[in-house]
Amino acid sequence: MEIHNKEVRFLTGKLDKLAEESIIVDLSSETEIIDFEGKFNAFIEDALSNNIKDAAEAARLVLEFLKIAKDILPEKMEEIVFCGINQLYNILKNKTSNLQSPLEIEKNKTELNKILGRGEKGKNYLLPFQLEELPGFIVDADVRIAEIEDNIQYLEKDFNNEENIKSLYRHFHTLAGETSFLGILNFSRLTQKAGDILNKIKNKEIGLNGQLISLLLDITRVLRELLKALADSVDTGLGYDVSAIVQKTADFLVQPDADSFLDPRANSGSQETPNSDIKMEFTPRIPQPDLSDGGELIAEFISESQEHLYSAEEALMILENQGDNDEAINKIFRAFHSIKGIALFLGLEDIKTLTHETETLIELARKVSIKTNPELCEAFFLSIDSLRKLLQLLQEQAKNNGVLKSEYYNIFAVLSRIKSVADDLKNNCLKKTQEKKIGEILLENDTITESELKDSLEKQRESGDTKKIGEILVETKAVTQTQLSRALEEQQTKSIVDETVKISVRKLDDIINNIGELVIVSGQVCQSLNVLNLNSKDIKLAKNTNDLDKIIRNIQNISMTLRFIPVRPLFHKMQRLIRDLSAKTEKQMHVVITGEETEIDRNIIELISDPLTHMVRNSFDHGIEEKEVRVSRGKPAFGRIELIAYHKSGNLIIEVKDDGQGLNKEKILQKARMLGLLKETDALDDKNIYNMIFHPGFSTAEKVTDISGRGVGMDVAKRNIDKLRGKIEINSKPGEGTIFIIKLPLTLGIIDATVVSIGRDNYIIPLFSVVEFVQPRFKNITSISEKKEVIKIHGELFPVIHLDNCSNISYKKLKLEEQIGCLVDSDYGRACILIDAIVGQQQVVIKRLEGNLGYLKGISGATILSDGKVGLILDIDGIISLAHKKNAR
Amino acid sequence: MTNKNMDQFDSLAALAKEGKYLTFALRNEEYGLEILKVREIIGLMEITAIPNVPAYVRGVINLRGKVIPVIDLRLKFNLKEVDYTNETCVIVLNVNDLIMGIIVDRVCEVLDIAQQSIEPSPNFGANMRNDFIIGMGKIGDKVKILLNIERILTEDASAMREVPATE
């Protein structure tokens, strides 16, 4: 930009006048200020007409601050004017000496901000009317940014699409205008700069290239973050630092040809057009994650990406099962796109490349039916799995301070697979494009015929414009349609996002712990009041304590459900598993899911995933017959596996139901006898026969497949469920199918328990261990040796366990007939434990033992009883094994 | 237990560092604990006994919702057992992220002990253990025994794990 001294001198003269005015003006008078502002505006006009843009911008800035000061800090106005005019003099002086200073205005702004007491980072605050407008703006801007992203994506494919460029320019420009009006200056700065760039592109002053696209994507990403920050809290939003990206953009404006200003890693991939050569060079690049922030960014990226992958997978399965659905494709696209964006920012090259290639594939997938294209589907699943793998490695790296111990995963095979699928598809698409031109509706309804296809191909030949097929593809993509649906969906998801917050599990646990304490303490307070008889004397007090108690219990109930999440992800994982198994074998399967919104403690979800996997595999492999067999038995060719979840009496029930051949009782019995688990003479009811399959190494499968048959799975499943204090049951009808019924507690932290008194202290026996309580009678008890007794209950004999014998707990009551026998179930069989008295039954919150007490034999944990004392939870299995060992000596 | 912790023991075993110490009494002797290890001091509360642990592990208490073990330091040091009085206190310690309580006869004061007043623990002869002691603090004409509380409490960790197993 050539600046003529003449113009600068002219403007300096104008500034002199303005400076004079500024001294005379009475800043306490409203009319005088308006007058002064008018003169200031005239100066801006002069600067613009003389093409001294930065002076105009600086002046506008001063005026802006002046207005803000007028509203919030009138006493600072004089200072603002003084400082601002000085700045303008400086700028003009630099112009005459031909000094370029792009940072000058930023510096000026910081100075002006300081005067207003806004601190270095341009801490800002909004006026009441601006605050009012903010929520509306956030919603609007969200939609706008989504559209900007769309436009950039299309631009990436076609650098010369003027429509997209214009539309981008419009969006940035509008955003800049709105934000400057609302006083969100950081936002406005960035969008202004972006608008400037777009303006240059529009006027062909600079050519669009891959670097520019990545810059624009960067800008959009920052805008998104900024918007999110604004939505979270106005203060963080206004304090959000955009100077880095603004600087980057400004640099670009000054020297658009320089290559070095961008991180070279960040732009290498995005310049690739989707048509790039398939045989690309690829070397895996182990990421060097920046962990200087304690890995927070990386951790967030990983968890977010996992969520994205999950939703992509979910949408993919919808597509596969239900056919075409724009919504679902958009969802997949968004998922990959979001991951790509952040991966780009974090310099995770491999993830970025993979997501980028997958995106290309998704674009192509929009034109064909995914349902009828298993290859395509497979490619998506492959990509999702590979990304998961990369994320896992990244996580490991983050945990080990950036060191990767496992072997790095080479995505080359995946990439070339995706590319080859994309290539096939592209060839296909060329044929199908014409179909769309004839009638998209026909195609969607699958009513199009072979002859029509031929016609369309002929027509394409007639038009003869083979060069522009790429362009035709873009044009026929119904751009406005997808944009619209995306925008609409954006709004929908927005409302969901508003209703949830992310919270660290630690904080949640803290809250739950404290509420537990609150319940106990309030119980004690109420009890003390009762003891002092205050409650009966003061009715109001009695009512208040009653209310207090009720509210606190309410809070406790709510707090328990805070950690609950629906079983949906778990079920979808199973659905995916069945899908993969189906693809591997010849068996085709319908999966029916019921009650996926049923909620359960998230810890349990994590722990139940493995057992459920084994059960589903089992149903798939052993339950469901081969297709031919099914047909010959008069069953539908498609197998059916149902996953059902529901709540029942304070438990979560999960059913895995198949319509296969059912369990073969004879085979099980035979095998059990062979393994020596049963004697020939043992008679078992159906339930116990079925339960044999939970024995380790038990399998009736004739051959071991890679899916199942080793007899390990069910054993693992049973043990894991036991660990969760759950129960598993099997129902089966030969020829009709098998149902596994898993019963789980809703949460790990609470158990139903019987409080018993033994000696000085109260102990807790988990209710699921208790079979019944009995009154011991001498006539029922037989001594085998000293302190070794058996008791006869309902005709069966059980060992009697004296706790004072196997541990140093001592009883209060010494006579056996005064004591109570508690018949318990354990891994080591049933036994009768003697206790002094039953105190009651209640739910108890399990507490960890602090210090070094984690390994106590006979004690599995502790709880706080209603009197505030610690109650120990008896580990029934441990006690019985201790007693057996004692007796064995 | 990592090497780092072992190193810490060794350096502590060498000699106590100057700084603030909480002093308490067992019988007539006064002992000192590094104040940074002390989480809080509470009065004696009801203790729930735990089966199958050494006698000096008195049991567990409810410290505002946390279940923490308490050790009777008298029993740990093989001193005579006495009835608890109004002065008996539980000092709650946070050692290597383990929260534990120790029962002492009474808590005395917080003292600033300078490096020059700390002397290495005397050698009692080959058969005597002195690794619980990291120094003797001379305050006026009195001597405070400075304890290596990590060593004392971590020893309990293994003791508690072993006892039930050998029962």
Within 10 Å of each Cβ in A:874-882, how many Cβ atoms from other chains are there, averaged over the peptide?
1
What residues have an amide H closer than 5 Å to that of A:ILE846, excluding those fewer than 5 places away on the same chain, when H is modeled at 1.01 Å from N in the peptide plane?
A:ILE750, A:ILE751
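Which of A:LYS109/A:LYS202; A:LYS399/B:LYS66; A:LYS679/A:LYS743; A:LYS657/A:LYS718 have a Cα-Cα distance over 21 Å? Could you put the intermediate results ahead of the total?
On the way: A:LYS109/A:LYS202 29 Å; A:LYS399/B:LYS66 29 Å; A:LYS679/A:LYS743 30 Å; A:LYS657/A:LYS718 17 Å.
Table pairs above 21 Å Cα-Cα are A:LYS109/A:LYS202; A:LYS399/B:LYS66; A:LYS679/A:LYS743.
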Can you pull out the chymotrypsin sites (Phe, Trp or Tyr not before Pro) in region A:381-423 whose DSSP state is coil and whose Cβ has at most 13 other Cβ atoms within 10 Å?
none
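Provide the FRET efficiency to the nearest 0.05 for the B:GLU29-A:GLU818 pair, computing r from the beta carbons and using R0 = 45 Å. Working shown, then result.
Working: r = 47 Å, r/R0 = 1.03.
Efficiency, from the Cβ-Cβ distance: 0.45.
When only DSSP loop residues count, what trypsin sites (Lys or Arg not before Pro) in region A:758-791 have their Cβ near at most 15 other Cβ atoms within 10 Å? Provide the component values of the computation, followed by the final result.
Values: sites: A:ARG760, A:ARG777, A:LYS779, A:LYS787, A:LYS788; in loops: A:ARG760, A:ARG777, A:LYS787.
Passing both the DSSP loop test and the Cβ count: A:ARG760, A:ARG777, A:LYS787.
Any idea what the relative contact order of region A:549-652 is, in percent, if you count C-alpha pairs under 8 Å spaced at least 6 apart?
Relative contact order comes out at 35 percent.
In nm, what is the difference between 0.36 nm times the number of residues separating A:LEU677 and A:ASN546 and their Cα-Cα distance?
Values: separation 131, 0.36 × 131 = 47.16 nm, distance 5.73 nm.
Going from the current span to full extension adds 41.4 nm.
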At A:LEU797 and A:GLN527, where each label point lies 7 Å from the Cα along Cα→Cβ, what is the point-to-point distance in nanometres?
4.3
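Give the average, rounded to an integer, of partner chain Cβ atoms located within 10 angstrom of each Cβ in B:63-72. Let's see the in-between values first.
Values: counts 2, 7, 12, 10, 13, 6, 6, 1, 1, 0.
Mean partner shielding for this stretch: 6.
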Can you give the FRET efficiency to the nearest 0.05 for A:ASP722 and A:VAL631, using r as the Cβ-Cβ distance and R₀ = 45 Å?
0.70
Would you mind checking which residues have amide H under 5 Å from A:GLY861's amide H? H placed 1.01 Å from N; only 5 or more apart, or other chain.
A:ILE873
Karplus-derived HN-Hα couplings along region A:833-841 (A = 6.51, B = -1.76, C = 1.60, θ = phi - 60°), whole Hz, x at Gly and Pro
9, 8, 10, 7, 7, 8, 8, x, 10
With charges set only on the Cβ (+1 for Lys and Arg, -1 for Asp and Glu), what does the dipole of region A:558-687 come to about its Cα centre, in debye to the nearest 20?
200
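Using 31 Å as the Cα-Cα cut-off, could you pick out the over-long pairs in A:LYS885/B:LYS76; A:LYS727/A:LYS779; A:LYS540/A:LYS847; A:LYS788/A:LYS847; A:LYS228/A:LYS847; A:LYS228/A:LYS389?
Numbers: A:LYS885/B:LYS76 29 Å; A:LYS727/A:LYS779 35 Å; A:LYS540/A:LYS847 36 Å; A:LYS788/A:LYS847 34 Å; A:LYS228/A:LYS847 38 Å; A:LYS228/A:LYS389 29 Å.
Over 31 Å Cα-Cα: A:LYS727/A:LYS779; A:LYS540/A:LYS847; A:LYS788/A:LYS847; A:LYS228/A:LYS847.
Applying 1/(1 + (r/R0)^6) with R0 = 30 Å to the Cβ-Cβ distance of A:LEU131 and A:GLU375, what FRET efficiency is obtained, to the nearest 0.05? Each step should come with its number before you reach the end.
Numbers: r = 53 Å, r/R0 = 1.78.
E between A:LEU131 and A:GLU375, to the nearest 0.05, is 0.05.
Over the whole of B:36-49, what's the average partner chain Cβ count within 10 Å per residue? Rounded to a whole number, please. Before the final figure, lay out the partial values.
Numbers: counts 0, 0, 0, 0, 0, 0, 0, 0, 0, 3, 6, 4, 10, 8.
Taking the mean over all residues of the peptide, I get 2.
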At A:ARG848 and B:GLU46, where each label point lies 7 Å from the Cα along Cα→Cβ, what is the point-to-point distance in nanometres?
2.6
Distance in nm between A:SER783 and A:ASP385 label points, each 7 Å along Cα→Cβ, equals 6.7
Sort A:690-698, A:579-587, A:347-355 by the packing proxy (mean of other Cβ within 10 Å over each peptide's residues), most packed first.
A:347-355, A:690-698, A:579-587
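No lab work stands behind these numbers, since they all come straight from the coordinates. Worth saying up front: this structure is predicted, and the values here are computed from it rather than measured. Note that each Cβ is placed from the backbone with ideal geometry, even for glycine, and that neighbours are counted across all protein chains shown.
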